[in-house]
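Contents: one structure, followed by commentary.
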Amino acid sequence: MTESAIVGQWTAAPGAEEIVTGKARYCPDIQLPGLLCGKLLYSPHARARIRKLDVRKARNMPGVFAVITHADIPGENSYLYAEPDQPLLVVDEVRFQGDAVAAVAAVDERTADAALAAIEVEYQELPGIFDPLEAMQPGADQVVQGEDNVMMSQMYRAGDVEAAIASADVVIENTYRTQWAEQAFLEMEGGVGLVDDEGGITVYSSCQAPHRDRMQIARALAMPESMVRVITPYIGGAFGAKDEAHVQIHAGLLAHAAQRPVHLIRERRESMLTHVKRHPMIIDYTTAATKEGKLLAVKARVIADAGPYTNSTHEVLNKCGEFIGGPYKVENVEVEKIGVRTNNPITGAFRGFGAPQAAFVYESQMDDLARKLGMDPLAIRLLNGVETGTKMYTGVVIREGTAMKASLNKAAEMIEWEKRDQVERRPARHLRRGFGMATILKGSGLGRGLADHAGVVLEMHRDGSVVLQSGAADMGQGIVTVMAQLAAERLGIGMSSVRVVRADTAKSPDAGASCASRQAMVSGNAVLEAADTIRDTLLTMAAGKTKIARDRLDLKAGRLTVDGEPHELTVKDLALRAGIWGYPLHAESLVHFEYPTDVPDVTYRFSQEVFQFCTQIAQVLVDCETGQVTVERLIAVHDAGKMINPGGVYGQIEGGIAQGIGYALTEELIVKEGHTQNPSLENYVIPMAFDIPELEMEVLEIPEPLGAPLGAKGIAESPIIPTAPAIRNAIYDAIDKPLYELPMTAERVLPVPDAGSIRH
Amino acid sequence: MGEMNIEFNVNGKQVRVSAEPNKTLLYVLRGNLGLTGTKDGCSSGDCGACVVMLDGRPVNSCMVLGPQVEGSSVVTIEGLASNGELHPLQRTFGETWAFQCGFCTPGMLVSCYALLELNDHPSREEILTAIAGNFCRCTGYQAVIKAVEQAAAELRAAKGGAGND
């Protein structure tokens, strides 16, 4: 193909006009005749036995169309991200503050609230289990009776860690703690359920995985999946928390029970109390190195507070362990991954999926090590950094790793790293300035051995317009734009000729979840494959019509081209001919993400093999009196393989950094005895516009050789990962105080070691 | 609670609705008038997704009661385009990727529109101040700033005034 006309160009998203005019419909905007208001009743306790649950009064209230408890669920009463251990509606014991015990559907919100109030529940409060370290002890009270509180305990070993530590010149050992973090997508979880003409259930769902939703709704209703349809309207953000189902199953259950359409939208407080958080972790970490700074061994023990239910704890811990060594050559690694049940909030997917916690630790360790050895943080990272061909401790061989050092060098150049000591370090008596860097890797795709596939259906009509049906949910990350660009590019037509139907299980093949930075790669490849089939038909027809050799023909800017020169025939002409002569311009594709089979000894389960590398450098100013940290500059260098949609790529980086700044400095759900103290956007402090400096970014385009469309790879998760450790290292540089706990609030920054001199 | 009539102007049209007096302007716009462009992100004045213009000033419509707008003039996201033509901000928001999920956009756009109505040459600081109450979890605000700067330049160029840069 000749140079890209659409791929790699800034282009507005399909649907941009709907969004800027307020026409885009999200779940809360869906209006249907007879739409009922659905609500859920939650536990006021972190742990309690239900002694009595009586809904008769509520059921008999005028205007109430359905009240359901666990007893009214026709099928399975559980969520099923992985393990079916979280009930949709509690049977006998509530195990965290977000457990729901009943659901109602009523004619309006007030009636629904009154119905909730009329439900009689008698709780016997039980002593909760809130400390994961205590919960791990033998004989500890069980969060789920009959189940070990330690839901996961895995050890992975490569090389000989103990011998390497014994032989090391320097050993650094620290314990790190991270917090519960909240995704805080702007549109709360929602679902709109309705009974369709065939008696099946249709649910509009604000989700990341429409086909998995369909399976879960069918399972709860004891209905064949063929009778359940899930449609994604516009989705107002997700960041992992809408990967597992939330209220869309209940919306389906209520619609089925009421035989009327039901609207079920969480309120902000409810949202913050109920959905999965980023796992808080306690990580003991040992780094061993030679006196020259060469890494010899890494030993880590990761304990994650999972809350009462499994959700994605196994997968998150698995990813955390996969990246716990960082983007470094280190052969001797031991990582122990422990997931513990408690009566705290449930935990699961949040952008980065275990990698942000790992990166906070390994990049903090790297600076501690550099300090101990009197080395430059840049030099020690370059010395140990992986390269193309490096075999990781997981067994994975990095096929394209140029970006690790390239991003470090570029970021250092952008901030003039070697001249940082010339910058004023004490701009005022009470202020200290510092610089810190962090460099990371994170895989794109689900990982080796997991079903990582996507399909699309593509059709070109007689007028040359194209409809693309994909099951990939677009929560704002921009997969719809990427798919439209790839289709338009391959078919030689404009973006405006491609209509992408938002994911609808009745129309779209399964694309799996929009998670793990995977859709641009796997759905992207599916689009290319389907588009090539149609392109093939068009070019074959064109060759027949023009009697010009097929290999001289191409499609570009709406026209047939011959040796790159526009021909009088347009794509539209060809589409019309195909229609008249009965050549279907219809293609379906199903693409599996491929892992090479010539690497026999990948020992870490589910390893990812396409890597997002990036480096961020922070310049911070610390106020020694207030403990406030201001991020003055932030440099970010990311590798995208190839940018399909630059607006989306830069958007992911900018947004990820903003979330990273929040994760570093302010964001923390404060949970006491299982009760979240700050379930509001007022008290859970998220960065606003003033908190983000003017970001300085560079995107590298080093083509990914494996299974990536046009060399492009997913980059959505990496931007949030290095931000917190870069800021941590900058604070250390500024005030000579290492921090080992997130977030780095004023309380933790203070007292500043030599701040005595600023006192009057 | 009984309902009361409220008469006001929304997006250039005079409307009359009947609503309980404890209902918010946000509720009236979305529920009574079907103007679902304006979003509810928190119902507590923290996020700015529900910002609309009330008599020329941006307000969180979840913090205003319906009866308070009696006789007033309200502009929502649906009212920014005129005669089918997008306001420059609406275009530049799309072109610069000033939104991803788009849920904060109705409020964010109205806040920026309010700024440009008063000041077509805002500094970065002034733009940050204008959107200080608008929470966006997707973009990190960088593209929003760019979109406002570009739209401001377009507005100045359209006016043909001297001293444009």
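Put simply, the C-alpha atoms of region A:147-195 give a gyration tensor, and the ellipsoid matching it has half-axes of 44, 18, 12 Å, longest first.
Per-residue mean of foreign Cβ neighbours for A:678-686 is 3 (Cβ atoms of other chains, 10 Å radius). Taking a sphere under 15 Å around the Cβ of B:Val144 and counting the other residues whose Cβ falls inside, with K and R at +1 and D and E at -1, yields a net charge of -3. The calculated FRET efficiency for B:Glu117 paired with A:Gln124, based on their beta-carbon distance and R0 = 60 Å, is about 0.50.
Shape of region A:11-59 from its Cα gyration tensor (a ≥ b ≥ c, root eigenvalues): rounded if a/c is under 1.5, otherwise prolate when a/b > b/c, or oblate? It comes out oblate by the Cα gyration axes.
Relative contact order of region B:4-79: 39 percent, from C-alpha pairs under 8 Å at least 6 residues apart in sequence. Here the protein assembly as shown is treated with +1 on each Lys and Arg Cβ and -1 on each Asp and Glu Cβ, and its dipole about the Cα centre works out to around 640 debye.
Compute the signed sum of charges (Lys and Arg +1, Asp and Glu -1) over the other residues within less than 13 Å, Cβ to Cβ, of A:Arg212. The answer is -2. When the charge dipole of chain A is built from unit charges on Cβ atoms (+1 for Lys and Arg, -1 for Asp and Glu) and taken about the Cα centre, the candidate among A:Val143, A:Ile380, A:Trp180 whose Cα reaches farthest toward its positive end is A:Trp180. Using the Cβ-Cβ distance between A:Arg177 and A:Met61 with R0 set to 41 Å, the FRET efficiency from 1/(1 + (r/R0)^6) comes to roughly 0.30. Between A:Arg420 and A:Glu565, the contour length at 0.36 nm per residue exceeds the alpha carbon distance by 46.9 nm. Taking other C-beta atoms within 10 Å as the exposure proxy, A:Asp463, A:Asp367 rank A:Asp463, A:Asp367 from fewest upward. Antiparallel beta bridges, as assigned by DSSP with both residues in the protein assembly as shown, represent about 80 percent of the total such bridges.
For region A:590-640, the share of alpha carbon pairs falling in successive 10 Å distance bins from zero is 17, 26, 21, 17, 15, 5 percent.
The Rg/Rh ratio for region A:521-668, using Cα coordinates for both the radius of gyration and the Kirkwood hydrodynamic radius, is 1.21. Between amide H atoms placed 1.01 Å from N, distances below 5 Å from A:Gly443 occur with A:Gln612, all of them 5 or more places distant or on a separate chain. With contacts taken as Cα pairs under 8 Å and at least 6 residues apart, region B:88-159 reaches a relative contact order of 50 percent. Residue exposure proxy: A:Tyr583, A:Tyr362, A:Tyr663, A:Tyr79, ordered by other Cβ atoms within 10 angstrom of their Cβ from fewest to most, comes out as A:Tyr583, A:Tyr79, A:Tyr362, A:Tyr663. Testing the spin-label approximation: label points 7 Å from Cα along Cα→Cβ at A:Ala506 and A:Ala451. State their distance in nm. For the pair A:Ala506/A:Ala451, the computed spacing is 2.3 nm. Shown is the FRET efficiency for A:Arg429 and A:Ser496, computed with R0 = 45 Å from the Cβ-Cβ distance and rounded to the nearest 0.05: 0.15.
Near A:Leu569, the amide H atoms lying under 5 Å from its own belong to A:Leu560; only residues 5 or more places off or on other chains count, and H is placed 1.01 Å from N. Which residues does the label zone of A:Asp376 cover in region A:390-433, counting backbone N under 20 Å from a point 7 Å along Cα→Cβ? Residues passing the 20 Å test: A:403-425.
Modelled this way, with points 7 Å down the Cα-to-C-beta line, the labels at B:Asn32 and B:Glu85 are 3.3 nm from one another.
Cβ crowding within 10 Å ranks A:Trp180, A:Trp10, B:Trp97 as A:Trp10, A:Trp180, B:Trp97, fewest other Cβ atoms first.
The alpha carbon gyration tensor of the protein assembly as shown gives principal lengths a ≥ b ≥ c with a/c below 1.5, which makes the shape rounded. The equivalent ellipsoid of region B:4-79 has semi-axes of 17, 14, 11 Å, largest first, where each one is the square root of 5 times an eigenvalue of the Cα gyration tensor. Counting only Cα atoms, region A:303-459 measures 54, 44, 43 Å along its principal axes, largest extent leading. With the biggest extent put first, the Cα atoms of region B:88-159 measure 33, 23, 17 Å across the principal axes.
Legend: translational diffusion of region A:1-152 by Stokes-Einstein, Rh = Kirkwood radius over C-alpha pairs, 4 °C, 1.567 mPa s; D = 67 µm²/s. Secondary structure note: in chain B, about 90% of the DSSP beta bridges are antiparallel. Taking 15 Å as the straight-line reach from the Cα of A:Lys299, the aspartates and glutamates in range (excluding those fewer than 8 positions away in the same chain) are A:Asp160, A:Glu162, A:Glu173, A:Asp284, A:Glu322, A:Glu331, A:Glu334, A:Glu336, A:Glu363.
Amide H contacts of B:Val10: B:Val15, B:Val74, each under 5 Å away and 5 or more positions distant or on a separate chain (H built 1.01 Å from N in the peptide plane; Pro and chain starts excluded). With contacts taken as Cα pairs under 8 Å at a separation of at least 6 residues, chain A carries a relative contact order of 16 percent. Can you check what the Kirkwood hydrodynamic radius comes to for region A:696-742, Cα pairs only, in Å to one decimal? Mean inverse Cα-Cα distance, inverted, gives 13.5 Å.
Electrostatic tally near A:Leu373: other residues with Cβ closer than 13 Å to its Cβ, Lys and Arg +1, Asp and Glu -1, net 0. Rounded to the nearest 500, the 222 nm mean residue ellipticity of the protein assembly as shown from helices alone is -8000 deg cm²/dmol, with -39,500 (n - 2.57) taken per DSSP H run of at least 4 residues.
Averaged over the residues of peptide A:179-187, the number of Cβ atoms from other protein chains lying within 10 Å of each residue's Cβ is 4.
Read-outs: derived from the displayed coordinates by stated rules, not from any lab. Because the structure is a prediction, the values reported are computed rather than measured. Cβ sites come from the backbone with ideal geometry, for glycine too, and all protein chains shown count toward neighbours.
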